[in-house]
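Okay, so here's the structure we're looking at.
The values are calculated or read from the model by the stated rules, or taken from the named source; none is laboratory data. Just so you know, these numbers come straight off a predicted model, no measurement behind them. Ideal geometry is used to build each Cβ from the backbone, glycine not excepted, and the neighbour counts take in all protein chains shown.
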Amino acid sequence: MSPETIAVSIPLAFFLMIFAIRYLVNREKLAMIEKGIITDYSQRKRKISVIRWGYLMIGIGLGLLSSFIITKLAGLAEDEAPAIYFSMIFILGGIGLVMAHKVEKKETREEELL
C-alpha cells in the first residue's frame, strides 16, 4: 500500500469505528425505551460524567496556567520546565476530580432525600 492510501484509510477507519459504536449505543437505548426499562439512573450518570469532565478540564487548565506562571517568574531553564508542567497538571487535575466527587456525593445525597 502506498503512504497516501494509508494516510487516508486510518482516519477513515477511525471515523467509521466511532460512528458504528455511537449507532449501536443509540439503537440499544431506543430498544430499552421501547421496552420501558430505561431509568433515570442513566440520565444521572451522564450528568455526573459531564460534571467530572468539567472539573478535570478546569483543573488541567489551571495546572497549565500556574506552571506557566511559575516557570516565567522563576526563570527556569528549558530542561526544568516539563517537570513543573506535568506535576502541576496532575496535582490540579486531581484536585478537580476530588472536587467533582464531592459535588456528585452532595447531589446524590440531595436526590436520596427527595
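Among the numbered conditions (1) closer than 24 Å to Val103 by Cα; (2) at pLDDT 80 or above, the only one that Tyr41 does not meet is (2).
Between Leu16, Leu56, Leu62, Leu73, the distinction of being modelled with pLDDT of 90 or more and surrounded by fewer than 10 Cβ atoms within 10 Å (Cβ to Cβ) belongs to Leu73 only.
Every listed requirement among (1) modelled with pLDDT of 85 or more; (2) surrounded by 15 or more Cβ atoms within 10 Å (Cβ to Cβ) is met by Ile48 save one, (1).
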